[in-house]
Amino acid sequence: MTRNLPDHHRLLLNALNNPASVVEYKIPDWELLLRLVRRVKLLGFLAAELERRDLLDKIPVRAANQLRSGLIRAKKLQQLAHWELNRIASALKDTPVPMIVLKGAAYALAKLPSAEGRYFVDLDIMVPKESLDQVEALLLKKGWRHRDISAYDERYYRAWSHEIPALIHRERETEIDIHHTIAPVTSRVKIDTCHLFDDAMTPSHTNYKILCPVDMVLHCAVNLFQNNELADDLRDLLDLHGSLAVFGNEDPGFWRKLIERANQLCLGKPLFYGIQFSRLVFQTPVPGNVENELNEKPSIFSRSIMHFLVPPALFPLHPDKPSKYARLARFLLYLRSHWIRMPLHLLLPHLAYKCYLMVVPGKTVAKELGR
Amino acid sequence: MIVEQVPVERFVSLLSEQGLRVKLGPFNVQIRTKLLQLASQLYPLYANYELVEDEIAEFHVQVLPKHSVRRPFASFVRFLIDGQSPFPSFPSDQALAVLEWGINLAVAVRTNHLLLFHSAVVERNDGAMLLPAWPGSGKTTLCTALVHRGYRLFSDEFGLMDPQLGDFLPVPRLMPLKNQSIGVIRNYLPEAVLGDEIFNTQKGTVAHVRPPKESIQRAGETAKAKWIVFPKWVANAPLKLEPLPQSEAFLLLASNSFNYGMLGETSFKAVTQLVRTCRCYKLVYSDFDRVIAALNELTDDT
């Protein structure tokens, strides 16, 4: 992998895979590295890695200042997310609704290595679909509100998405995304969420529920290869790498359980890509060819296309000279993400609407009409 | 080497190609723009800034023309930091204000290794004087007057404090005068170098004052704060300089900080130490001669 990588990708990947090596970086390398890690939201992560190794005093002071600034921000955002979680739990304490913490906050609760220094911009939780109205109504009563969104977006969320429009608390302004499943309801993947709730676990030092290790890995893979457009999503792949490495190391039966669960939930394809790219980019220690035991695998044709498109999308563009090829790869993956998320009869009107918005921004129109 | 030692053609080509790299106090900024009007405004105003060589630039900003499909004949500009646009586009005659505002935003959002007060800071007799205030209280105007009357400019906008050492760091940037202040300063300080007046910005008409050369040359010299003065300009008001209790100064400082909450305990301790070691005042003024005399007296008395 590293052989064919553009220089700026190698600079970034080397810093992430082998943080101690950055003490050798020259001034121009540092300047570029800081811009790249910011773009993929990993400034705080790199700072945490360097701080843990006591290396922040051994690098150029300007770089260290930026990294420290990023780490302070990350720690504050984590504190806010944990407090918000505490507030949500308190608001829902009289209801028997089970709530599962997802994504970043869950990685922090599971003490995964990639959680340290991670930026928490919002908080993701999941509740059963049948309790969604009740939870939403309760939170709205207790100080949260919806952001102003257009009627179109409102309908998009309610009818087609795996989450409802975000809620924010009127004083704290932390955003909460409430999910009822882990993939959009319109996608070809249908997940029986009962299994996710049944097997959720509570880490020893907390009162919150998180997905069990195999489901956490699957959710990460689904999010990356099913829900997202992959552009600049290197952080999510790093999350996947971190969770595979930790869980695989803790439990010798992890890999067998992971494959069985993926087969049970019909999530073979995203997991296949997740394992492949995590190993390709971060050299994740995945035994043998476990992904070949998946029932559902992408075709050889899809695999080879993805092999060319995914890395240039995940890694950031060069800030001064973005490659045309990488832009094309990102555009194609953008189309792919919509293609697998929605059937064609929904997708075409949706993309048409998005094009219309690019020309006539909805909010500006509303404002001008209001004047 | 400083900007004025660079021929104007070279200055324009730096801006339009690899980027102009200048030292703004503790930060290095790389600026790129192909807009000739902006380049010609920047050349005299940035004349005294040092060019950055062999150092990391923390901020990479760009001002680009933007073409609007909806209004094809109007001319707009976009501000980008690291290729991303943090706010919407503006009419292109506001490019300089947009650039300065954008750099301030970048400093405010990305800097947490320092405590950031929303405050003008000037230095006299080896002590820094903080002038924290809400927008509209005349802090830039007062700061402009002081730095042309013997005070050294740290900043009209940012009090940058190293929370461990307790030192304030100069970041002498252009000072944007607003509306009536422009005429007031032109009358009071004919020697001040002002940029073009920029009309219809979000804050009305703006004109930028170039910081005194000495303030930029000495931007590496930090100082401990000795005085905290909360100023307010009130038309025709007699001068009033009253001591302020530490507790009140604490609250005013903490609520006038960009990242007080972000730094948590660190900022609580730093502000506590600051109000305990400084003399704190509330100032009401209308007349420059009187206010400068009063502040001179204050800063002479050490």
Considering the convex hull of the alpha carbon atoms of the range B:68-160, report its projected area averaged over all viewing directions, in nm², one decimal. 8.0 nm²
In nanometres, the difference between 0.36 nm per residue of separation and the alpha-carbon distance of A:Leu55 and A:Glu260 is 69.6 nm
Using alpha carbon centers only, the range A:32-102 is separated from the range B:94-113 by a whole-angstrom value of 23 Å
Quick one: work out the % antiparallel among DSSP beta bridges in the protein assembly as shown, nearest 5. 70 percent
When the C-alpha atoms of the range A:79-370 are aligned to their principal axes, what extent does each axis show, in angstrom, from largest down? 58, 49, 38
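Using Stokes-Einstein with the Kirkwood hydrodynamic radius over Cα pairs, what translational diffusion coefficient do you get for the range A:198-246 at 37 °C and a viscosity of 0.692 mPa s, in µm²/s rounded to a whole number?
Numbers: Rh = 11.8 Å.
The diffusion coefficient I find is 279 µm²/s.
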Cross-link pairs B:Lys178/B:Lys213; A:Lys26/B:Lys139; A:Lys76/A:Lys141; A:Lys76/B:Lys224; A:Lys75/B:Lys224; A:Lys75/A:Lys129 - those with Cα-Cα distance over 30 Å: A:Lys26/B:Lys139; A:Lys75/A:Lys129
The simple spin-label model distance between B:Gln217 and B:Arg276, using points 7 Å out along Cα→Cβ, in nm, is 3.9 nm
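When B:Thr140, A:Thr95 are ordered from fewest to most other Cβ atoms inside 10 Å of their Cβ, what list results? Walk me through the numbers before you get to the answer.
Values: B:Thr140 21, A:Thr95 13.
Fewest to most other Cβ atoms nearby, the residues stand as A:Thr95, B:Thr140.
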Give A:Lys111/A:Lys257; A:Lys111/A:Lys297; A:Lys297/A:Lys324 a once-over and call out the pairs whose C-alpha atoms are over 25 Å from each other. A:Lys111/A:Lys297; A:Lys297/A:Lys324
Value of [θ]222 nm, deg cm²/dmol, for chain B, DSSP H segments ≥ 4, -39500 (n - 2.57) each, nearest 500: -9500 deg cm²/dmol
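What does the average come to when, for each residue of peptide A:62-75, you count the partner chain Cβ atoms lying within 10 Å of its Cβ?
Values: counts 7, 2, 1, 9, 8, 1, 4, 9, 3, 2, 8, 7, 1, 4.
Mean partner shielding for this stretch: 5.
Dividing the alpha-carbon radius of gyration of the range B:1-138 by 2.2 N^0.38 Å (N being the number of residues), what value is obtained?
Details: Rg = 16.5 Å, N = 138, 2.2 N^0.38 = 14.3 Å.
Rounded to two decimals, the normalised Rg is 1.15.
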Point-to-point label distance, A:Gln79-B:Ser68, nm (Cα→Cβ direction, 7 Å offset): 4.2 nm
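Can you compute the FRET efficiency between B:Asn200 and A:Asn289 using 1/(1 + (r/R0)^6), with r the Cβ-Cβ distance and R0 = 51 Å? Round to the nearest 0.05.
Values: r = 65 Å, r/R0 = 1.27.
It comes to 0.20.
Please work out how much length the chain gains when fully extended from B:Ser40 to B:Gln246, using 0.36 nm per residue of separation minus the C-alpha to C-alpha distance, in nm with one decimal.
Gain on stretching B:Ser40 to B:Gln246: 69.5 nm.
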Based on DSSP, what percent of beta bridges with both residues in the range A:79-370 are antiparallel, to the nearest 5? 60 percent
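Can you compute the helix-only [θ] at 222 nm over chain A? Use -39500 (n - 2.57) per DSSP H run of at least 4 residues, normalise by all residues, nearest 500 deg cm²/dmol.
Working: 16 runs with 205 residues, N = 371.
After summing the helix terms and dividing by the residues of chain A, the value is -17500 deg cm²/dmol.
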What is the set of long-range amide H partners of B:Leu24 at a cut-off below 5 Å, with H atoms built 1.01 Å from backbone N? B:Val29
Please pull out the direction-averaged projected area of the range B:115-300, using the convex hull of its alpha-carbon atoms, in nm² to one decimal place. 10.1 nm²
Under the Debye formula (equal points on every Cα, no solvent term), log10 I(q)/I(0) of the range A:223-371 at q = 0.16, 0.17 Å⁻¹: -0.95, -1.04
Setting aside same-chain residues fewer than 8 positions from B:Lys232, which aspartates and glutamates have a Cα under 18 Å from its Cα? B:Asp156, B:Glu157, B:Glu242, B:Glu248, B:Asp287, B:Asp289
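What's the whole-number percent of alpha carbon pairs in the protein assembly as shown lying beyond 47 angstrom?
More than 47 Å apart: 24 percent of the Cα pairs in the protein assembly as shown.
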Where does each of A:137-146, A:66-75 land if you order them by average Cβ count within 10 Å, highest first? A:66-75, A:137-146
Tell me, in nm to one decimal, what length is gained between A:Trp160 and A:Leu140 on full extension, where the rule is 0.36 nm per residue of separation less the Cα-Cα distance? 5.0 nm
Per 5 angstrom bin, beginning at 0 and ending with the bin that holds the maximum distance, the Cα pairs of the range A:27-111 fall in percents of 3, 12, 19, 20, 13, 10, 9, 6, 4, 2, 1, 0
Under the span-like rule (Cα at least 15 Å along the axis, Kyte-Doolittle mean at least -0.5), DSSP H helices of chain B: B:95-110, B:265-277, B:288-300
Using a cut-off of 14 Å between beta-carbons, work out the net charge of the residues near B:Gln180 (Lys and Arg +1, Asp and Glu -1, B:Gln180 not included). +2
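With an 8 Å cut-off on Cα pairs and a minimum separation of 6 or more residues, tell me the relative contact order of the range B:3-110 in percent. Could the numbers behind the result be given before it?
Working: 167 pairs, mean separation 22.7, N = 108.
Relative CO of the range B:3-110 lands at 21 percent.
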Please sort by residue number the GluC sites (Glu not before Pro) in the range A:99-191 whose DSSP state is loop and whose Cβ has at most 15 other Cβ atoms within 10 Å. A:Glu171, A:Glu173
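Computed from the coordinates by the stated procedures, all read-outs in this text should not be read as laboratory data. Worth saying up front: this structure is predicted, and the values here are computed from it rather than measured. Cβ sites come from the backbone with ideal geometry, for glycine too, and all protein chains shown count toward neighbours.
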